[in-house]
Each structure stands twice: as C-alpha cells, then as structure tokens.
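Student: Sharing a structure here in structure tokens format.
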Amino acid sequence: MPISGSEIVKMLPGRKPCKDCGFPTCFAFAMKLATGGATVDKCPYLSPEVKAKLEDLLAPAIKLVTIGTGDNKVQVGNEEVIYRHEKTYVHPPGIAILISDKESDAKVDEKIKKVKELQFPWVGLTLKAELLALHYESGDKNKFLALVNKASASNLGMILISQDLDTLFAARDLCADKKPLLYPITKENIDQAIPKIKEKPTPVGVRGASIEELIPLTMKLKEVGVDDAILDPGSKNLIDAIRDQTFIRRAALKQGFRPLGYPTIAFPCFMAKDGLKEALTASAFINKFAALIVLSDFDQYTLLPLLVQRLNIYTDPRFPMAVEEKYYEIGTPDENAPVLITSNWALTYFIVSSAIEATKVPSYLCVKDAEGLGVLTGWAAGKFTGDQVGAMVKKSGIENKVKNKKIVIPGRVARIKGELEDALPGWEVVIGPREAAGIGAFLPDYVKTLKK
Amino acid sequence: MEYKAPKEAYKGNVREVTIGKGDKALKIGGENILPLHFFDEGTLPNPPRFVLEVLDMEPTEKTPHLLEPFGDAISDPIKWAKKCEGFGVDAICLTLISTDPAEKDAPAEGAAQLVKRMLGELKKPLIVYGSGDDKKDAEVLPKVAQVCAGENLLIGPVQKENYEVVGKAILDNGHVAIAQSPLDINLLKELNVKLCKFLPPERVVIDPLSSALGYGIEYSFSLIERVKQIGVITKDSMTMMPIIANLGDECWKTKQAKENKTQGLLWEGMTALSLYLAGANILVLRHPETLKLIKDTIGR
C-alpha cells in the first residue's frame, strides 16, 4: 500500500521555499519521495519521529533480504505485485539443496558439488541453484559444525537449520561473515535467541504454526532492531501453502501490514516424499510467491525444468527477452554449412535453433536485432527489412565462414528477398519455411544442394 | 497492529459448460474463485479436468518414453483412447492430425467416421481438435459436427478465419466450441464477441494457446491468469468462459522432453501445473504418468 505524495506533503515542514532538499517546493520533494526518487534525509528540518515514520511508510512493502555474500549472494523480497501481469516479479527465489549432518561424507560432497557445478546454458544465460541448507539431525554438535565448516568453504549462501539453539549459534559463529539464514526462530525460542542474534546480525527464518503465530514474532524482532526476516507459516501441504503464501503476499501489499512484509521460505523437501512430486511442488512455489525453496536433492533432469520455470516466471512481461545480435553456430558447422537468419526475440531464436538442432544439420544461424520482436512483427515495425538484415549479415563476419553465399530467410518475410539481394551483392537469398516447424522437412534436403 | 485474513470475494462466475451427454456428461467451470483459492469467498463446483490426447494416426515422432505406456495401441486411435480411459482421465482428446495438408491431408469424411466410431467405444466424453489448418478445419470440423450430431462434443479450434462456418455447424448440431486465438487477450475477446452473436456463451470454451516451459510458457501463464481474473474479478462476460490448456503436444515437441523421461514428465508436469494455477479448467496432456503426478502433487 504505497503512500502518495499528497499524504507525504502533510508531514513535511512546509517552509516557504528553502529548497534545502534540492527541490523547489515541499510538494515536489514529496512527489519524488513517493516514487523513490529521493530519500527522507534530504530534508534537514524533520523531527526524528517524523523522519522515522516517513522512512517506515516509504520502505518497500516486502523487505529486501540478502543471504550470503559476494557473487553468491541471494537477494529476495521487494516484490511489488501479487500477480505477474500487474507489473513484474523482481527477485527470483533462491533454490537450496538440503544436506543433513547424518548423510555420509561422500553424499555431502556430492550435494555441494551439484550446487556448484550443475549449470545450464539457456538463451545466453547460465542457470543454476545457489544455496546449501544444512540440517542438524545427528544429535552430535561437532558433526554439524564440521558440516558447516565444509559448506562454508564453498562460499555458497547457507541456510542453517537446527532446533537446538546452542548448536544453531555455534554454527553461526563459524560463518557469521557469510551471512547465513538462521532457522527456525519460533515462539518457544525467540526470547533466548534475540540477544544471540544481535551479537552478530544475520537474516533469520521465523517459523509459526500459522500466519497468526508469525505476527508477534516479527513484531518482537523488529522492536529490537532485527528486520532481516524470512517467514515460514508452517504450511502442511500444497493447498495450505497456497493459502498461506497468498495471504502473506496480500497482507503485505494490499493491507500494508508490516509484520508480514517479509519474503517467505518453502520446504518441498518436507512436503513430498517422491523426487518428481517434490520438484512439481517446488514449481508451484515458484508461481506462488516463495522466495526461498529447499529441495531434498536434485539431479540435472529435475533441476533444469525448475530453473527454466523460475527464469520464465520472473522475466519482465513488459519487455520481450532478447538474444544478442550475431551469428550462432549450431553443431559444428563447416564452410559448406547452411546459413539461416531470424530475429532476436528469445523465443523465436530458441524455437528456430531447436528446430535446426533437431535436424542434426550443422548450421549457422544469424540473429538480427529486431528489438526483441518476432520476425513478422519485427518486419512490420521496420526492424527486419532487407537493408537492415543485409547490414547485419555483412557486419557479422559470416561471409568469411562459408563458401556458399546463400542465406535462408523465414518464409513469412519472403517479400524482403529482393531488397536483401540488393543489400548483399553476391549472395543468393533462399526463401525458407514459414514456420520453424517446417525446418525439419526443409533443411536436410536443402543442405544437399549446398554440397555440390 | 490487528491482522485480518485478507479474504476476497468476487462478483463474476465462470460459466458452467457441459460436454458429452447422458452418463458421459461432464461439467466444466462454474467457479467464482481463483484457482485453489478455497480460502476466499466462493465455490469451485467442478475442479479442473484432466484429459489425455490421442492422435488419429500413428505418431511420426517416436519418443520411446512417451509412447511406452500405450504399447501397440498407438497404431489404432480407438485402442489408444480406450487405453487412456484406464489412466484416470475425465475426457479424451482426439486430434485429427492426419487431416493436416502438411501431413496426410486425409479427407473430412473418414475423420468424421473415426470420431463417430470412437464415441461409440468410449465411456468418457470426447474433445475433438482439427489439425489447426483453418481452411482444412473449415471442411473437417463441420463434417465431424454433422456426423456426430447431438453428441455435445467439444470441438475446435474455431479460429477467426473460420468461425462462421465451424461455429454454425457446432450450433446446428448441438456441440460446444473451442475458440482459439494466438496469445492475445484482445483477439481472444474479439473472437468470443463474434462467436457469441450466434452461439450461446455457455457453448464456448477458450483456448488461448498454451506454450511449453522454456518456449513461452510465461505468455500463456500470464494470459490465462489475466483472462481468469477479468472474468471472475471484474465480471467481463466475454472472458467468463472455461479455459482449455492444450499443452501436452507442445511439451513433448521440445528437445528437453524427448531427451529424458524424468525431464519430459517434469516439462509437461510443470507446464500443466503452472497453467492449472493460472486458471485452466481443462488440461490436455500426453503422458499418463504426468497426469497422476499432478493429481498426487495437488492432493485433491
């Protein structure tokens, strides 16, 4: 529930244009404050109480929380909408693998290695999981601390899970500088935990048996200045989880209810027994607002779909995803390989390159920057004309790669053939299939005509 | 600070559409809440329906882990469909892919006769998709509608290019239309407006086109979510139809689904569950294990 400029201005001193904040009037300053274009401290005449109140009102409805440090840190929160189409989701959920101190050394090593090494190239990005969730189960404190030391050496972000507070804080002391998430803080242990948390502040995971139980806990933490919290409403199954996640998100955004204005954590690892069901449960949490998702385990085949889904749901619907303008090698093309061209909307590129790959014909695929539009809309918008495509082909350097100066254009823009031939002297322009689905039937025969 | 659970109540109702007849009748839609929002004010009389798709010819794409559950039945559409009935489906979807000019360009009459024979053999209601070639569908789908007159089939895709002839045949022969438009809310509403000039809106189901995970699912997800919300929350008559997500084939076309069984099941499963959570009322899948997996995961 963002506060408006006209509400803010009532709280400002209203001195006749002092301009000390750098704006001509209090009203102009208030409008900037409301949209995040200025900070409260620019006004030197606010009482500490008003300043604190304004800062609180202007803070994001959902707190931004950072787990881990450096390149491996995971930032969650700051979300502004309930539904993706209202604007966009901002911070993709961190994905964690659960490691128990009861697991063998070999298993522990394997899991750490998975988080570090299972990386997937996807439309110019690298997709990967990022967090280790370390679970104290053995009853042997030293064993858990050894696990924490080992995990800490990986420099990955960590979630420390221990019902026993002494062990939890002993583990924290080993890696406080890495900003791990401490979990769980509950109504039973919060009073003992608070002084310890304040010694070396790190984010804390607050667990309640319900949403209602979380509220006094986050209020208590906030009172003592602990504001980096993650919420676990203790949902037992997916249906309850959707209710809890939805209520928390609505309370934060629509009611402006600060005690629930924090990111959430979900534990598919404790909700599903079977690996596939667990992955599907995790996928529901990607759609339904979780900011941290803990899995018992994964392999390349269960992790990739989740990472792709996270990428898809967290892309900004206001801007089409685009790939870089250049020629791409599909397979290992040689000087007799076919050259094709398409536009740089990520989806277009992806579908066309997959269709080419499926034919197993090594090829060059030129991608023309059409500002993230598809081929036909790109052409209609004047971003995929013969002249522009010709200029791109010249600039790309593909000419030096192939002997056959022939380029295949999408059938839907057959009309650019003449213009493109004028722009590319010495090249022959071939009209390809109208749809990427036609590439399978087209390319294998076409490549035979090139080998002659 | 007092917490009051942020329950919501809406004024719109998705229309309840019935497909099939007699013992086979199946109700779809009818809800005035968002997907799985049992905590809000309102009801969900008919949960989303799960459907398996069969093709009217042996698939040219032979992904072993996709075809394995059906054994030899894949060479006979009726056997294939009956096999699907054993996997806990609410309906069967028959796609007349052989009529596609780019496939076998099979004639309308034979396709319609197959639909009729299949109807006689099945205990579950039938959804019939043409090849998607709007010109050919304008011949094939009216023929199907006539040959199966009175059976209350769910027939599509009805597109802006052929809605008059296909929609008329659906109306005259007592069926329900799948109105399909390419991933755009304005085109979708425009087609519904045109169709509903002569077809009662209770005879229309929306197909906004379903893209697979990694291949545009975000467009389908947000579009379905929006259509559902505009219908339920703001009571826009032209989006208050149930939504069909025909996603199985799109998923199994992907390299990732073909490459490995686990990955394939999750590719289809995550696509389906996402579109379920967005607001689909009918989910058309290809793999029976995906169907079981989603039902088990939701747990209802």
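Each reported figure results from applying straightforward, stated rules to the coordinates on display, with no laboratory input. As the structure is a computational prediction, the values presented were derived from the model and not from experiment. Glycine gets a Cβ as well: all are built from the backbone with ideal geometry, and neighbour counts include every protein chain shown.
Student: May I ask for the angle, rounded to the nearest 10°, between helix A:165-175 and the longest principal axis of chain A, with both axes built from Cα atoms and the value confined to 0 to 90°?
Tutor: Between the helix axis and the principal axis of chain A, the angle is about 50 degrees.
Student: What order do you get for B:166-176, B:112-122 when each peptide is scored by the mean count of other beta carbon atoms within 10 Å, highest first?
Tutor: B:166-176, B:112-122
Student: Projecting each Cα onto the charge dipole of the protein assembly as shown (Lys/Arg +1, Asp/Glu -1 at the beta carbon, about the Cα centre), which of B:H37, B:S237, A:N149 comes out farthest on the positive side?
Tutor: B:S237
Student: Other chains near A:239-248: what is the mean number of their Cβ atoms within 10 Å of each residue's Cβ?
Tutor: Working: counts 6, 2, 1, 8, 7, 1, 0, 7, 5, 1.
For this peptide, the per-residue mean of nearby foreign Cβ atoms is 4.
Student: Any idea what angle helix A:386-396 forms with the longest principal axis of chain A, computed on alpha-carbon atoms, 0 to 90 degrees, nearest 10?
Tutor: 80
Student: Same structure again: Give, in whole angstrom and from largest to smallest, the semi-axes √(5λ) of the equivalent ellipsoid of chain B, with λ running over the eigenvalues of the Cα gyration tensor.
Tutor: Numbers: eigenvalues 166, 113, 60 Å².
After diagonalising the Cα gyration tensor, the semi-axes are 29, 24, 17 Å.
Student: I've got another one for you. Just to confirm my numbers, what's the Cα centroid distance between the range A:243-269 and the range B:82-142 in Å?
Tutor: That distance is 45 Å.
Student: With the Cα gyration tensor of the protein assembly as shown in hand, convert its eigenvalues to equivalent ellipsoid semi-axes via √(5λ) and list them largest first in whole Å.
Tutor: 47, 32, 29
Student: Distance cut-off 28 Å, Cα to Cα: go down the list A:K87/A:K236; B:K160/B:K228; B:K62/B:K168; A:K236/B:K83 and report the pairs above it.
Tutor: Values: A:K87/A:K236 30 Å; B:K160/B:K228 21 Å; B:K62/B:K168 37 Å; A:K236/B:K83 35 Å.
Those over the limit are A:K87/A:K236; B:K62/B:K168; A:K236/B:K83.
Student: Further question: Can you give me the long-range amide H partners of A:V408? Hydrogens built in the peptide plane at 1.01 Å from N, cutoff under 5 Å, separation of 5 or more residues or another chain.
Tutor: For A:V408, whose amide H was placed from the backbone, the distant partners under 5 Å are A:V339, A:L340, A:I341, A:V430.
Student: Using just the alpha carbons, could you tell me how many Å³ per residue the convex hull of the range A:326-451 encloses? If you can, show how the numbers build up before the last one.
Tutor: Numbers: hull volume 10.9 nm³, N = 126.
Cα convex hull per residue, to the nearest whole number: 86 Å³.
Student: So for A:V206, A:V430, fewest C-beta neighbours within 10 Å to most, what's the order?
Tutor: Details: A:V206 26, A:V430 17.
Fewest-to-most ranking of A:V206, A:V430: A:V430, A:V206.
Student: How large are Rg and Dmax for the range A:5-58 when only the alpha carbon atoms are used, in Å?
Tutor: So, for the range A:5-58, Rg and Dmax equal 9.7, 26 Å respectively.
Student: So what's the angle, to the nearest 10 degrees on a 0 to 90 scale, between helix A:238-253 and the longest Cα principal axis of chain A?
Tutor: Tilt of helix A:238-253: around 80 degrees.
Student: Only helical DSSP H runs with n ≥ 4 go in: add -39500 (n - 2.57) per run for the protein assembly as shown, normalise by residue count and round the 222 nm mean residue ellipticity to 500 deg cm²/dmol.
Tutor: Working: 28 runs with 299 residues, N = 752.
Helix-only estimate at 222 nm: -12000 deg cm²/dmol.
Student: Please compute the average number of Cβ atoms from other chains found within 10 Å of each residue's Cβ in peptide B:23-36.
Tutor: Details: counts 0, 0, 0, 0, 0, 0, 0, 0, 0, 0, 0, 3, 2, 8.
What the average comes to for B:23-36 is 1.
Student: Let me confirm one metric for peptide A:302-314, namely the mean number of other chain beta-carbon atoms within 10 Å of its residues' beta-carbons. Walk me through the intermediate numbers first.
Tutor: Values: counts 4, 2, 7, 14, 3, 1, 9, 11, 0, 3, 14, 5, 1.
Going residue by residue through A:302-314 and averaging, the value is 6.
Student: Can I ask one more? Percent of Cα-Cα pairs more than 24 Å apart in the range B:1-126, please. Please list the in-between numbers first.
Tutor: Working: 3665 of 7875 pairs.
Tail fraction, whole percent: 47.
Student: While we're looking at this one, here's another question. On the principal axes of its Cα set, how long, how wide and how thick is the range A:16-129? Give whole Å, largest value first.
Tutor: Principal axes ranked by extent give 70, 34, 25 Å for the Cα atoms.
Student: Please report the projected area of the range B:236-300's Cα convex hull averaged over all directions, in nm².
Tutor: Convex hull of Cα atoms, orientation-averaged projection: 4.7 nm².
Student: Cut-off under 23 Å on the C-alpha distance; same-chain residues fewer than 8 positions from A:K102 excluded. Which lysines are left, in chain and number order?
Tutor: A:K111, A:K113, A:K114, A:K116, A:K141, A:K143, A:K150, A:K273
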